[in-house]
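The values are calculated or read from the model by the stated rules, or taken from the named source; none is laboratory data. Since this is a predicted model, take the numbers as computed values, not measurements. Backbone-built Cβ (ideal geometry, glycine too); neighbour counts: all protein chains shown. These accessible areas exclude ligands, DNA and RNA; they are computed on the full protein's heavy atoms, side chains included. Shrake-Rupley method; radii C 1.70, N 1.55, O 1.52, S 1.80 Å.
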Amino acid sequence: MAKIAIIEDDQAISQMYRFKFESEGFEIEIADNGLTGLKLIEDFKPRIILLDLMMPQMNGDEMLE
């Protein structure tokens, strides 16, 4: 089963993605900011990352660096 990490500070959006992708058989993990997202990626090892660019603590651009 493919893994997807969703890094998104808007809970409604992240839950919408979770519902859709889990219904298609994907394994999902969610982080609500860039700092937590970095740890999630390190531990979860997703094949796909959906990344919000406008987040608190560390934005998506900073995270990509």
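Hey, what number do you get for the chain at 222 nm if only DSSP H runs of n ≥ 4 count, each worth -39500 (n - 2.57), divided across all residues, to the nearest 500?
Values: 3 runs with 29 residues, N = 65.
Computed ellipticity for the chain at 222 nm equals -13000 deg cm²/dmol.
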Inset, instruction - Compute the accessible area per residue over the chain, keeping the other protein chains in place, probe 1.4 Å, unit Å². - result: 67
Inset, instruction - Mind pulling the angle between the C-alpha long axis of helix 11-23 and the longest principal axis of the chain? Nearest 10 degrees, somewhere in 0 to 90. - result: 30
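Just need the relative contact order of the chain here, percent rounded to a whole number, with Cα pairs under 8 Å and 6+ apart.
Details: 107 pairs, mean separation 26.8, N = 65.
Relative CO of the chain lands at 41 percent.
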Inset, instruction - Starting from the Cα of residue 3, move 7 Å in the Cα-to-Cβ direction to define the label point; list residues of the stretch 37-63 whose amide nitrogen is under 18 Å from there. - result: 37-51
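Expressed in nm to one decimal, what extension gain is obtained for the pair residue 61 and residue 29 from 0.36 nm per residue of sequence separation less their Cα-Cα distance?
Details: separation 32, 0.36 × 32 = 11.52 nm, distance 2.01 nm.
Stretched out fully, the residue 61 to residue 29 stretch lengthens by 9.5 nm.
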Legend entry - Where only alpha carbons of the chain are counted, the Rg and the Dmax (Å): 11.0, 32
Inset, instruction - Among 11, 38, 21, flag the residue with its Cα farthest along the positive direction of the charge dipole of the stretch 7-65, charges on Cβ as +1 for Lys/Arg and -1 for Asp/Glu. - result: 21
Legend entry - Solvent-accessible area, 1.4 Å probe, carbon plus sulfur percent, for the chain: 54
Inset, instruction - Could you work out how far helix 34-44 tilts from the main Cα principal axis of the chain, as a 0 to 90 degree angle to the nearest 10? - result: 40
